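What follows is a set of notes on a single structure, which appears directly below.
The values are calculated or read from the model by the stated rules, or taken from the named source; none is laboratory data. A quick note: this is a predicted structure, and the numbers were derived from the prediction, not measured. Here the Cβ positions follow ideal geometry from the backbone for every residue, glycine too, while neighbour counts run over all protein chains shown. SASA here: full protein model, heavy atoms, side chains in, ligands and nucleic acids out. Shrake-Rupley method; radii C 1.70, N 1.55, O 1.52, S 1.80 Å.
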Amino acid sequence: MRTSIATVCLSGTLVDKLHAITDAGFDDVEIFEPDLIAAPQSPEEIRALCERLGLGIALYQPFRDAEGVVEHEFARVLQRAEAKFQLMDRLGVDTMLVCSNVATATIDDDDVSADQLARLAERADAHGKRIAFEALAWGRYIDDYRRAWSIVERADHPALGVCLDSFHILSLGHDPAAIERIPGDKIFFVQLADAPILSMDVLSWSRHHRLFPGEGGFDLPAFVAHALRAGYAGPLSLEVFNDVFRQTDPARTALHAARSLTVLQDALDVGRLASDSDRHSDSSSEPLELDQVELKAPDTDEVAALLERIGFAPRGRHVSKSAWLYAAGEARLVLNEHNVSIAEPRIAGFGLRYAEPHGAASRAERLGARRAHRRVLSGEADLPAILSPDGTEILLSGPDSGIRWPEEFTGGRGAPDPGILGIDHINLTEPVADIEEAVLFYSTALGLTRESAAELAGPTGLVRSQVLRSRAGGVRLALNVVPPLSEQRPAARRHAQHVAIACVDLPSLLTRARARGLRTVPVSENYYDDLAARLDLPDEELVRLRSAGLLYDRDEAGEYLHCYTETVGTVFFELVERRDGYDGFGAANTPVRLTAQHAAA
Ligand SMILES: O=C(O)c1ccc(O)c(O)c1
Ligand SMILES: [Mg+2]
């Protein structure tokens with residue numbers, strides 16, 4: 001199928017947008033009228049540019065408030081339309097989107113709307129143009145695609161069809177199954193947008209919060225499948241009104257958009273295969289384990305000292321690079337000073353183990369991931385590495401390739417604390433502008449499953465937190481969104497990232513670690529008073545938690561004890577003990593940490 005995107009999805013001038021859309025590989029574009037009106041180029045120049053770029057103009061939109069009006073007003077509608085048909089001739093586009101009347105409609109009568117649309121279509125036809133009628137979710141009378149179709153059917157004009165926009169249909173909870181009752185050749189256009197499930201007025205929801213397919217709560221593959229079963233053969237076109245995407249770099253956003261369509265098309269293919277031969281989606285695309293984390297800094301001494309206080313032991317220095325491996329239990333952390341351009345320690349990468357790392361890397365690349373140059377720590381094995389959109393390096397290892405690379409580090413000393421088991425999870429931060437792209441990347445290119453997002457109260461407002469994990473449970477990744485106005489704050493307040501270390505008998509480990517000089521984020525007395533009020537914990541347990549300075553959470557399955565270390569650069573560590581299958585992240589305790597870190601930074 002042809003792919004398309006509306007210019008309204010991107011930032012910049014019309015010319016910027018057309019270049020970005022072409023470079024991202026789209027076949028077609030919807031020109032959003034305000035973009036054209038504001039452009040200094042003539043319609044002929046825009047047409048010539050699109051021809052030169054090999055980009056088809058699939059739709060001109062929107063034309064508003066056309067039907068349901070009294071007769072003398074309709075005469076004005078036809079005059080307005082006439083001018084637009086001439087403009088469309090100059091642009092070389094043959095389909096115009098007409099959306100249902102939101103402002104000037106005074107007549108709630110399908111016969112009147114059908115008659116007026118038929119007359120509009122008659123004029124369009126005279127210019128060799130077509131009208132695609134779209135029910136806006138906030139249309140004055142027509143807000144349901146089924147009603148829009150019945151009006152189009154009644155009008156019965158060959159130059160009149162419907163435009164189906166997933167947002168308007170799914171936001172109102174309308175069943176998309178009736179799309180299959182519309183003949184495919186009367187579906188003139190399909191627009192796709194996802195959105196987070198929010199309870200707010202539908203106009204604001206649509207204008208500010210639409211997302212690319214796969215990023216929100218709508219079932220876009222099912223929606224598109226209905227249109228395809230109806231026989232729709234036109235382009236799949238993204239129409240995403242989003243305040244953030246309209247501010248970000250258009251080239252990057254267009255790539256992000258294209259990736260979402262690739263994922264959607266894959267989901268449609270899998271659906272088709274599944275119904276044909278009952279095949280299940282491929283679980284080999286999921287990572288098995290998070291097998292190491294790499295921290296980079298111009299000078300890693302401070303992080304190294306912190307790790308030793310926690311209970312890690314140096315396993316050695318890399319044979320040829322300024323990099324050190326710290327290990328304990330199954331946990332492996334690489335401290336890398338090689339080719340470092342950043343000023344402060346940060347999480348630069350991590351390793352995921354897959355059943356087939358090369359297959360996983362090709363899949364990620366197809367979904368837009370860039371290949372990373374060989375990682376410093378993998379001189380020997382043939383391990384692929386990719387980059388997340390923000391440049392985090394992800395090393396993909398196989399079932400046994402993880403065993404050899406630590407041998408490149410020699411000259412270790414000491415023994416790790418036996419209380420450390422491995423890496424429990426990592427928590428990265430993303431600017432508001434990048435979070436959707438990051439979530440799409442981790443959930444598709446890396447094969448993780450997105451869980452519902454939470455909003456956690458911090459000293460500078462709500463922090464959105466998005467958990468991604470492997471279904472089998474071996475990999476857990478949390479992404480926290482940096483509050484948008486925090487850019488001027490010290491780095492540690494803006495984007496402290498952390499690695500959570502899984503421990504056994506955390507209270508005893510903490511006693512030993514404190515004897516080695518470890519300091520943890522202080523926990524207020526008020527916190528323990530609240531714990532006592534909230535959870536029916538035995539007094540002795542409360543005393544133990546309080547004296548150890550531990551945070552506590554529990555779910556239906558079990559309990560979670562945890563604490564946070566001091567921050568070095570933009571990195572800190574969390575020490576966690578999961579008891580009896582506790583499956584969360586102690587999210588309820590995040591405000592305590594954020595506030596303490598805010599005060600300390
Ligand atoms: O928000 C709007 O006005 C608007 C305009 C055109 C569309 O196709 C649409 O879905 C919404
Ligand atoms: Mg639309």
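Per-structure values
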item: Which listed residue, of 366, 370, 346, is of a type outside the set (A, V, I, L, M, F, W, C), closer than 21 Å to residue 442 by Cα, open to solvent by 60 Å² or more (accessible area, probe 1.4 Å) and without any contact (Cβ under 8 Å) to a residue 24 or more places away in the chain; result: 370
item: From the options 515, 532, residue that is in contact with a helix residue (DSSP H, G or I) (Cβ under 8 Å, 6 or more places away or on another chain), among the small types (Gly, Ala, Ser) and modelled with pLDDT of 90 or more; result: 532
item: Residues being open to solvent by 10 Å² or more (accessible area, probe 1.4 Å) and either farther than 21 Å from residue 62 by Cβ or of a type in the set (Phe, Trp, Tyr) (or both) - total across the range 239-249; result: 5
item: Conditions (1) over 21 Å from residue 231 (Cα atoms); (2) open to solvent by 10 Å² or more (accessible area, probe 1.4 Å); (3) within 16 Å of ligand 1 (Cβ to nearest atom); number of the one not met by residue 127; result: (3)
item: Conditions (1) buried (at least 21 other Cβ atoms within 10 Å of the Cβ); (2) closer than 30 Å to residue 266 by Cβ; number of the one not met by residue 409; result: (2)
item: Exclusive hit being closer than 15 Å to residue 17 by Cα, open to solvent by 20 Å² or more (accessible area, probe 1.4 Å) and either basic (Lys, Arg) or within 15 Å of ligand 1 (Cβ to nearest atom) (or both), set 252, 259, 207, 229; result: 252
item: Residue check, residue 426 modelled with pLDDT of 95 or more and surrounded by fewer than 21 Cβ atoms within 10 Å (Cβ to Cβ); result: yes
item: Sole exception among (1) more than 16 Å from ligand 1 (Cβ to nearest atom); (2) over 19 Å from residue 126 (Cβ atoms) for residue 35, by number; result: (1)
item: Checklist (1) in contact with a Pro (Cβ under 9 Å, 6 or more places away or on another chain); (2) under 20 Å from residue 572 (Cα atoms); (3) at pLDDT 90 or above; (4) open to solvent by 40 Å² or more (accessible area, probe 1.4 Å) applied to residue 457, failing item; result: (3)
item: Residue match in the range 180-191 (condition: touching a Phe, Trp or Tyr at 6+ places or on another chain (Cβ under 8 Å), farther than 21 Å from residue 150 by Cα and not polar (S, T, N, Q)); result: no
item: Search result, residues across the range 307-336 that are under 31 Å from the mean Cα position of the chain (by Cα) and open to solvent by 10 Å² or more (accessible area, probe 1.4 Å); result: 330, 332
item: Close pairs (6 angstrom Cβ cut-off, 6 or more residues apart or separate chains): in the same structural domain as residue 57 (by TED's automatic domain parsing) in the range 127-148, within 14 Å of ligand 2 (Cβ to nearest atom) and among the acidic types (Asp, Glu) anywhere; result: 134/165; 135/143; 137/143
item: Residue satisfying all of: in the range 283-306; of a type outside the set (A, V, I, L, M) and assigned to a strand (DSSP E or B); most open to solvent (accessible area, probe 1.4 Å) among these; result: 289
item: Residue count, the range 144-157 (criterion: farther than 19 Å from residue 227 by Cα and either assigned to a loop (DSSP other than H, G, I, E, B) or not basic (Lys, Arg) (or both)); result: 3
item: Every residue from the range 177-204 that is of a type outside the set (A, V, I, L, M), out of contact with any strand residue (DSSP E or B) (no Cβ under 8 Å at 6 or more places or on another chain) and either within 19 Å of residue 264 (Cβ to Cβ) or more than 14 Å from ligand 1 (Cβ to nearest atom) (or both); result: 180, 181, 183, 184, 199
item: Check on residue 132, within 14 Å of ligand 2 (Cβ to nearest atom), farther than 15 Å from residue 78 by Cβ and out of contact with any helix residue (DSSP H, G or I) (no Cβ under 8 Å at 6 or more places or on another chain); result: yes
item: When residues of the range 140-160 are limited to those that are open to solvent by less than 10 Å² (accessible area, probe 1.4 Å) and farther than 18 Å from residue 223 by Cα, the one farthest from ligand 2 (Cβ to nearest atom); result: 159
item: Restricting the range 64-80 to residues that are in contact with a strand residue (DSSP E or B) (Cβ under 9 Å, 6 or more places away or on another chain) and open to solvent by 10 Å² or more (accessible area, probe 1.4 Å), the residue that is farthest from ligand 2 (Cβ to nearest atom); result: 80
item: Criterion violated by residue 121 - all others in (1) open to solvent by less than 50 Å² (accessible area, probe 1.4 Å); (2) outside any helix (DSSP H, G or I) satisfied; result: (2)
item: Residue match in the range 40-49 (condition: away from ligand 2 (no atom under 16 Å from the Cβ), of a type in the set (Asp, Glu) and in contact with a helix residue (DSSP H, G or I) (Cβ under 8 Å, 6 or more places away or on another chain)); result: yes
item: Within the range 81-107, considering residues that are of a type outside the set (A, V, I, L, M, F, W, C), within 16 Å of ligand 1 (Cβ to nearest atom) and in a loop (DSSP other than H, G, I, E, B), the one surrounded by the fewest Cβ atoms within 10 Å (Cβ to Cβ); result: 104
item: Options 478, 445, 472, 438: the member that is open to solvent by 20 Å² or more (accessible area, probe 1.4 Å), touching a residue at least 40 places away in the same chain (Cβ under 8 Å) and among the hydrophobic types (A, V, I, L, M, F, W, C); result: 472
